[in-house]
Amino acid sequence: MSKVIGLTGSIGTGKSTVSNFLKEQQIPIIDADVVSREVVEPGQVAYQQIIETFGTSILQSDRQIDRKALGRIVFSDETSRKQLNEIVHPQVHRTMLAKRDHYLNEGIPIIVLDIPLLFENHLQQYVDLIVVVYTTPEIQLQRLMERDQLTREEAQSRINAQTSIDTKAKQADMIIDNSGTFKETKQQCNKLLEDLQSEL
């Protein structure tokens, strides 16, 4: 019996730290950010639809999509952002579920779907257990400012664009508190794996 974990958090809470640790333990990670880049590669369905919708001016000389150019369009216009999401999200979901089903068919005991917008995109039904990587809002703000070299206002604006970490934590089956040291976070990850393995 396999367990599918939905791993989520908010920007700056340290979800990547947890995801990387689980990967080191040989747990397969299906990363929504990686898949979202794969589905817009040349030759993919979403790639063609994006060009048809936004034109060839968003292409680089090697025919790859210029993510910054596309970003400038969609972040300044709500309609364009919705159009892009309607193209990309179904392809990402389909690809992630196909990868999940592949691992399930292989009998892999623990599979992780790493999805930053798990709640926002209503994907809870695709996982057995939701793990939220949490940190206090103040630490989240400080980490984001340091990591991305942002002002306090810029960092807060990016945090505000997502569902708050406190709201996500209330919907979690389990919380990994990443407010402390890496060692403390690692201990919580190990406890999660022990608990899951005892249930298999």
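Candidates are the residues of the stretch 91-138 that are modelled with pLDDT of 95 or more and acidic (Asp, Glu); the one that is nearest to Lys186 (Cα to Cα) is Asp114. Is it the case that some residue within the stretch 54-69 is crowded, with 17+ Cβ neighbours inside 10 Å and within 20 Å of the chain's Cα centre (by Cα)? Within the stretch 54-69, not a single residue is crowded, with 17+ Cβ neighbours inside 10 Å and within 20 Å of the chain's Cα centre (by Cα).
From Tyr103, Tyr134, Tyr126, which residue is hydroxyl-bearing (Ser, Thr, Tyr), surrounded by 14 or more Cβ atoms within 10 Å (Cβ to Cβ), closer than 25 Å to Ile29 by Cβ and not assigned by TED's automatic domain parsing to the domain that holds Ser198? Only one candidate qualifies: Tyr103. One residue stands out among those in the stretch 124-149 that are part of a loop (DSSP other than H, G, I, E, B) and touching a Ser or Thr at 6+ places or on another chain (Cβ under 9 Å): the one that is nearest to Ser2 (Cα to Cα), which is Asp128. Exactly one residue out of Val45, Val40 is surrounded by 13 or more Cβ atoms within 10 Å (Cβ to Cβ), over 20 Å from the mean Cα position of the chain (by Cα) and not assigned by TED's automatic domain parsing to the domain that holds Leu196: that is Val45. Checked against (1) of a type in the set (Asp, Glu); (2) touching a residue at least 24 places away in the same chain (Cβ under 8 Å); (3) in a helix (DSSP H, G or I), Glu153 passes all but condition (2).
Within the stretch 78-85, not a single residue is over 23 Å from Val18 (Cβ atoms), loosely packed, with under 15 Cβ neighbours inside 10 Å and among the small types (Gly, Ala, Ser). Inspect all residues belonging to the stretch 168-187 and state whether any of them is of a type outside the set (A, V, I, L, M), assigned to a loop (DSSP other than H, G, I, E, B), surrounded by 19 or more Cβ atoms within 10 Å (Cβ to Cβ) and under 19 Å from the mean Cα position of the chain (by Cα). Scanning the stretch 168-187, I find at least one residue that is of a type outside the set (A, V, I, L, M), assigned to a loop (DSSP other than H, G, I, E, B), surrounded by 19 or more Cβ atoms within 10 Å (Cβ to Cβ) and under 19 Å from the mean Cα position of the chain (by Cα), so the answer is yes.
Here Tyr47 meets each of (1) out of contact with any helix residue (DSSP H, G or I) (no Cβ under 9 Å at 6 or more places or on another chain); (2) modelled with pLDDT under 95 with one exception, condition (2). Considering only residues in the stretch 139-161 that are polar (S, T, N, Q) and surrounded by fewer than 17 Cβ atoms within 10 Å (Cβ to Cβ), the one that is nearest to Gln188 (Cα to Cα) turns out to be Gln142. Listed by first and then second residue, the pairs with beta-carbon distance under 6 Å, at least 6 apart or on different chains, first residue in the stretch 12-40 and under 21 Å from Ser179 (Cα atoms), second exposed (fewer than 13 other Cβ atoms within 10 Å of the Cβ) and hydroxyl-bearing (Ser, Thr, Tyr), form an empty list.
Take Thr79 and tell me if it is without any contact (Cβ under 8 Å) to a residue 40 or more places away in the chain, out of contact with any strand residue (DSSP E or B) (no Cβ under 7 Å at 6 or more places or on another chain) and outside the structural domain of Ile139 (by TED's automatic domain parsing).
So Thr79 fits the description; yes.
Being touching an Asp or Glu at 6+ places or on another chain (Cβ under 7 Å) and among the polar types (S, T, N, Q) holds for only one residue in Thr167, Thr163, Thr181, and it is Thr163.
The values are calculated or read from the model by the stated rules, or taken from the named source; none is laboratory data. Please read these numbers as outputs of a predicted model, since none were measured by experiment. Note that each Cβ is placed from the backbone with ideal geometry, even for glycine, and that neighbours are counted across all protein chains shown.
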